[in-house]
Amino acid sequence: MNRIFFLFFLFQFFSFSQSIENKILPEITHYDTKLMGFGAQSWDIEQDENGIIYIANENKVLIFDGSEWNSVATNNAMVNRSLFVKNKDSVYFGADGHFGLLINQEYDTYGISFLNGGDKGISDSVEECWRVHEINNEVIFQTFSNLYINQDNIITKIPAPCCFRWSYKINGDLYVNDYKHGVFKLSGTSLLPIYDNDELNANIIGVTNAGEDLILISDTKGLFKLDNGEAIPLSFPLAEEVRKAQIFSFLKLKDGKIALGTVSNGLYILDLDKGKIENINKLKGLQNNTVLSIFQDNEHNLWLALDYGVDYLKLNSSLKYFYDYYGKLGTTYAAVKDKNYYYIGTNQGLYFLNEESNAETEDFEQLLNGQVWNIASINNEVLVGHDTGAYTLHEKTLKKMGSSKGAWDFREFSYNNEKFILSPHYNGVSLYEKVDSDWREYQLKGFNKSVRYLEVDEDNYIWLALRSEGVFKFRLDYNGKTLVQEAFFPLSDFEGAVLSLSKVEKEIVITSGFYSFTYEPENNSFSKKELGNKKGYSPRIIKKGEEVWYLDNKSIVIENKGAINHLQELQEQLVPDVLNAFTLDDRHELIPIYNGFSIYIRDNFTSVKNTIDKVLIRDFVSVNSNVSYLEKSEIPYRDNNLKIKYALPVYAKKVTYQSRVNDEEWNDWTTSKEHTFYNLKEGDYTFYVKAKYDDVIKESTFFFTIKPPIYRTKWAYGLYLLLIGGMVFMANVINRYKMKKQKIKLIKQKEEKLKKQEEEYKAQKLEQERKIIELKNSKLEDEIKAKSRELTQIAYVNLNKNKILKKIRDRIVKIQESPNTRSKDSNYTDLKRLVEYYITDKESKLFKINFDKSHQEFYERLSKQYPSLTSKDLRLCAYLKMNLSSKEIAPLLGISPQSVDVNRHKLRKKLNLGSDDNLTHFLVSF
């Protein structure tokens, strides 16, 4: 006890050391309850023995199994403030104006039992129930005004001395603080005073313990140790900042640390033993800065009920993260810690961080712009592989080593007891020799490809690997500065589609596919060994103390004394081809990821016995009727389309499932958490399901029976036998009757057949007569058409007669007009009258009627294809079809020959004829 508080006393004299560890955070998972259709604000979080999470969220209690969210509405008018989970079947809740019990009925269906009259309307006297505890098998509800002790549904009320604030459970005892009278301890139905100070009472929001001592937590005045009734202030890093942020909630964690939830600056995790404090706020990844409640689950991870949403912090993990939310750092490729300095190489440049800086918000300082490929520390000298070449680095000073571009990596090389540096780059390999304090570069001949991976074996051979081509073994001709190829091992000599080159202790190892190949120099070949599929695909192998790391583009696996640790969290974050982890110190390894980096912390994971021993069946429901069934149910055949839902409440881990029915084959592993059965036949069924995460497998079985349809029951089969016997008897009777009836039917059918044949004969005869009539009618029509043509010709002759008579009349007029024929005027006049008497247009009209009638079909065809033709156009077409000239057509149309030519020209346009087309031929052939 004295040691702890002596350390607290000393903390005020020591500055808080800023290091890269202060910038990294646990993995944070956001649950936006508002976006999910629930309330934004959550007040309390609990967990049952199966791992199911319960959250007090506005007027509902939310239920989360790691994959699916459900809710139970307790009272639409009031807010739920607190929860206590006794077990998976009994969940106590406290709200504004009421408190009660959720009783699990089946799956996610709950009944609600109000323990204080939940139907009471809202009024000014409504109490808000802020805490629920279980003390000595009694459930206690705490409001601002009273403690309500529920024992066997009998409620005992203990009023507050003035006004309760909060209550807390410490080592099986209940403590409660009063705004005016301080801290009390509940003993039976009495309140025993523990601490009372007018200056501090109203500020106390929590009481916890450190060993045998009580710690008082205030909202804005800090933390205090209670010593013989006196509150002694505790000093710790960022104490003033915490006070300004205003503590609202707290929780003593299972490792002894204290988590403090604030109103304005998120979460603080205080380690009293080490004098360290960690802050996680909205700027660092939380959804909201106001932490209303803190809960630590059975895997030692934190759940935060926020003013907006719920956050899950994976505290119990070997991995922490720095995410470059603002794009100042970029994607990490390499890192080195040299003395008190951290150097981070990213796609944006080389960055520097001083471990001993006191400024918590200090950013990484950029020393060099552009892509950094690698950083290595060799013989106490930091070397930087950059897109523009190789550099040496001392504190913040960079110095170019040579002119070659794109230094991928560095390896130490010895020759004649002298130390050199080999560096693979964009155009081959360079050898660097130390001359005084500078490095001299030699571009080695014999290899000019860009090669990323280089190792030097114990015999001083240089190995180069092109992942998609193969592995080269070279000897260095130092005098000629040339790489002399000793051997080439193509990719086809190995197993996979790519390969990796590693030096493990003193041996050259090639990994390809799921195999490793160790080089045996005595016979210049490789010995093959199976790695298995749990260590990645063609992984690079790095030995770190007793650990062996296997790194590929999708996974990192750490093997330590036979135990396998698969860092599955990194699966989608690793940077391709950066197959490396960079040692910062004995506990910390930096792993490059997109938009930042991850830190692997040894001994930061606490192994927890998993209390979840099987996969939970969350629902078994009929697809047809939406009715849920329990295990071993006998299900009606009409509901033989069923869906089973299952889950393993493991959070922030990838869980895959595999299932089968009866003796069928297992399905493939999948993330789907349900299985649907269609058209199941009657019978007994056993459903098997497995869940896998981190190489841990949990199993469950579920039994059910599909009843046969009513028509396939034993009673139905008995009835079928009776019906079959009756049917056989009836069949015999009916058969005799049918035989007798058949004879009568045959006779009748024969008569009907004869009658039908007679009717068919009459019908055929009528059809023949009809055809004869049609032929006669057709013949008459042909005759009529012929007569019409004859009339046309007669009319044409008459028309010519009229033409002659007109000419005679014109001649007589001419004679009459002559001055020498005056005496014969009267005779000529009579002659003129006589001729005019015979001149008439009746024949012309008759000609037109008969002519049009005789060409009616011709007109119809033309009009159908050329609807723009007028009646005059059609008649002109008919005259042309008869091969009449313009002079012959002019009197028929009563116009001049020139007008006929004009009409012929217009007709050609309407018929879309070209200049080379003959109009008459076109109409004759139409």
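The values are calculated or read from the model by the stated rules, or taken from the named source; none is laboratory data. Not measured: the values here are computed from a predicted model. Cβ coordinates were reconstructed from backbone atoms using ideal geometry, including for glycine residues, and neighbour counts include every protein chain displayed.
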Hey, does the range 228-235 have a residue that's outside any strand (DSSP E or B), hydroxyl-bearing (Ser, Thr, Tyr) and free of Cβ contacts under 8 Å to residues at least 60 places away in the same chain?
no
Can you tell me which residues in the range 35-62 are closer than 22 Å to residue 280 by Cα and surrounded by fewer than 18 Cβ atoms within 10 Å (Cβ to Cβ)?
40
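This table checks each residue for (1) in contact with a Gly (Cβ under 8 Å, 6 or more places away or on another chain); (2) of a type in the set (S, T, N, Q); (3) not assigned by TED's automatic domain parsing to the domain that holds residue 666.
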{"residue": "691", "(1), (2), (3)": "no, no, no"}
{"residue": "696", "(1), (2), (3)": "no, no, no"}
{"residue": "700", "(1), (2), (3)": "no, yes, no"}
{"residue": "703", "(1), (2), (3)": "no, no, no"}
{"residue": "707", "(1), (2), (3)": "no, no, no"}
{"residue": "717", "(1), (2), (3)": "no, no, yes"}
{"residue": "724", "(1), (2), (3)": "no, no, yes"}
{"residue": "730", "(1), (2), (3)": "no, no, yes"}
Report yes if some residue within the range 279-293 is assigned by TED's automatic domain parsing to the domain that holds residue 570, part of a loop (DSSP other than H, G, I, E, B), buried (at least 19 other Cβ atoms within 10 Å of the Cβ) and touching a strand residue (DSSP E or B) at 6+ places or on another chain (Cβ under 7 Å); otherwise report no.
no
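I'd like to verify a number: residues in the range 155-214 that are among the polar types (S, T, N, Q) and in contact with an Asp or Glu (Cβ under 6 Å, 6 or more places away or on another chain), how many?
Filtering the range 155-214 down to residues among the polar types (S, T, N, Q) leaves 156, 167, 171, 177, 187, 189-190, 197, 201, 203, 208-209.
Still in the list and also in contact with an Asp or Glu (Cβ under 6 Å, 6 or more places away or on another chain): 203.
So the answer is 1.
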What tally of residues in the range 486-502 results from selecting those that are farther than 17 Å from residue 529 by Cα and touching an Asp or Glu at 6+ places or on another chain (Cβ under 8 Å)?
1
For residue 350, indicate whether it is within 40 Å of the chain's Cα centre (by Cα), modelled with pLDDT under 95 and surrounded by 21 or more Cβ atoms within 10 Å (Cβ to Cβ).
no
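Need a quick list: strands (runs of 3 or more DSSP E) entirely within the range 591-705 having at least 3 residues that are more than 27 Å from residue 24 (Cα to Cα). First the steps, then the outcome.
Values: elements: 596-601, 616-622, 642-647, 656-661, 674-677, 683-693.
By residue number, 616-622, 642-647, 656-661, 674-677, 683-693.
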Residue pairs within 9 Å by beta carbon, gap of at least six or interchain, first lying in the range 902-916 and farther than 18 Å from residue 886 by Cβ, second hydroxyl-bearing (Ser, Thr, Tyr), listed first then second, are 912/866
Residues that are of a type in the set (A, V, I, L, M, F, W, C) and touching a Gly at 6+ places or on another chain (Cβ under 6 Å): does the range 378-389 have at least one?
no
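In this structure, is residue 544 in the same structural domain as residue 505 (by TED's automatic domain parsing), farther than 23 Å from residue 650 by Cβ and surrounded by fewer than 20 Cβ atoms within 10 Å (Cβ to Cβ)? Explain how you work it out, then say what you get.
Working: in the same structural domain as residue 505 (by TED's automatic domain parsing): yes; farther than 23 Å from residue 650 by Cβ: yes; surrounded by fewer than 20 Cβ atoms within 10 Å (Cβ to Cβ): yes.
Taking the combined requirement at face value, the residue satisfies it.
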Identify, from the list 714, 738, 743, the residue that is at pLDDT below 85 and under 60 Å from the mean Cα position of the chain (by Cα).
714
How many residues are hydroxyl-bearing (Ser, Thr, Tyr) and out of contact with any strand residue (DSSP E or B) (no Cβ under 7 Å at 6 or more places or on another chain) when one looks only at the range 146-184?
0
If we keep just the residues of the range 141-160 that are exposed (fewer than 15 other Cβ atoms within 10 Å of the Cβ) and not polar (S, T, N, Q), which is farthest from residue 91 (Cα to Cα)?
159
Since residue 111 meets every condition but one in (1) under 23 Å from residue 251 (Cα atoms); (2) out of contact with any Phe, Trp or Tyr (no Cβ under 7 Å at 6 or more places or on another chain), which condition does it not meet?
(1)
Enumeration of residues in the range 471-511 that are surrounded by 14 or more Cβ atoms within 10 Å (Cβ to Cβ), over 30 Å from residue 418 (Cα atoms) and of a type outside the set (Phe, Trp, Tyr)
491, 493, 495, 496, 498, 499, 511
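Please indicate, with yes or no, whether at least one residue in the range 454-467 is touching a helix residue (DSSP H, G or I) at 6+ places or on another chain (Cβ under 9 Å), in the same structural domain as residue 517 (by TED's automatic domain parsing) and either touching a residue at least 60 places away in the same chain (Cβ under 8 Å) or not β-branched (Val, Ile, Thr) (or both). Outline the logic, then answer.
Looking only at the range 454-467, we keep the residues that are touching a helix residue (DSSP H, G or I) at 6+ places or on another chain (Cβ under 9 Å), and these are 466-467.
Okay, now just the ones that are also in the same structural domain as residue 517 (by TED's automatic domain parsing), so 466-467.
Filter again for either touching a residue at least 60 places away in the same chain (Cβ under 8 Å) or not β-branched (Val, Ile, Thr) (or both), leaving 466-467.
Taking every residue of the range 454-467 in turn, at least one turns out to be touching a helix residue (DSSP H, G or I) at 6+ places or on another chain (Cβ under 9 Å), in the same structural domain as residue 517 (by TED's automatic domain parsing) and either touching a residue at least 60 places away in the same chain (Cβ under 8 Å) or not β-branched (Val, Ile, Thr) (or both).
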Could you check residue 364 against (1) buried (at least 16 other Cβ atoms within 10 Å of the Cβ); (2) modelled with pLDDT of 95 or more and say which number it fails?
(2)
I need every pair where a residue in the range 181-192 that is within 14 Å of residue 149 (Cβ to Cβ) has its Cβ under 8 Å from the Cβ of a residue that is outside any strand (DSSP E or B), sequence separation at least 6 or different chains.
191/161
Please go through the range 51-81 and give me each residue that is within 19 Å of residue 132 (Cβ to Cβ) and of a type in the set (Ser, Thr, Tyr), ordered by number.
54, 71, 74
Out of 519, 537, I need the residue that is in the same structural domain as residue 576 (by TED's automatic domain parsing) and either among the hydrophobic types (A, V, I, L, M, F, W, C) or in contact with a Gly (Cβ under 9 Å, 6 or more places away or on another chain) (or both). Which one?
537
Can you report the number of residues in the range 439-492 which are among the basic types (Lys, Arg) and more than 49 Å from the chain's Cα centre (by Cα)?
4
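Could you identify the single residue in 656, 676, 611 that is within 29 Å of residue 47 (Cβ to Cβ) and either buried (at least 18 other Cβ atoms within 10 Å of the Cβ) or under 25 Å from the mean Cα position of the chain (by Cα) (or both)? Talk me through it step by step, then tell me what you get.
Numbers: 676 fails: within 29 Å of residue 47 (Cβ to Cβ); 611 fails: either buried (at least 18 other Cβ atoms within 10 Å of the Cβ) or under 25 Å from the mean Cα position of the chain (by Cα) (or both).
Exactly one residue qualifies, and that residue is 656.
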Do the conditions hold for residue 514, that is, is it out of contact with any Gly (no Cβ under 7 Å at 6 or more places or on another chain) and surrounded by 14 or more Cβ atoms within 10 Å (Cβ to Cβ)?
no
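Take the residues of the range 70-109 that are aromatic (Phe, Trp, Tyr) and surrounded by 20 or more Cβ atoms within 10 Å (Cβ to Cβ): which is modelled with the lowest pLDDT? Write out each step before concluding.
Taking the range 70-109 and keeping what is aromatic (Phe, Trp, Tyr), we get 84, 92-93, 99, 107.
Filter again for surrounded by 20 or more Cβ atoms within 10 Å (Cβ to Cβ), leaving 84, 92-93, 99.
On the way: 84: 96, 92: 95, 93: 95, 99: 91.
Restricting to residues being aromatic (Phe, Trp, Tyr) and surrounded by 20 or more Cβ atoms within 10 Å (Cβ to Cβ), the top hit is 99.
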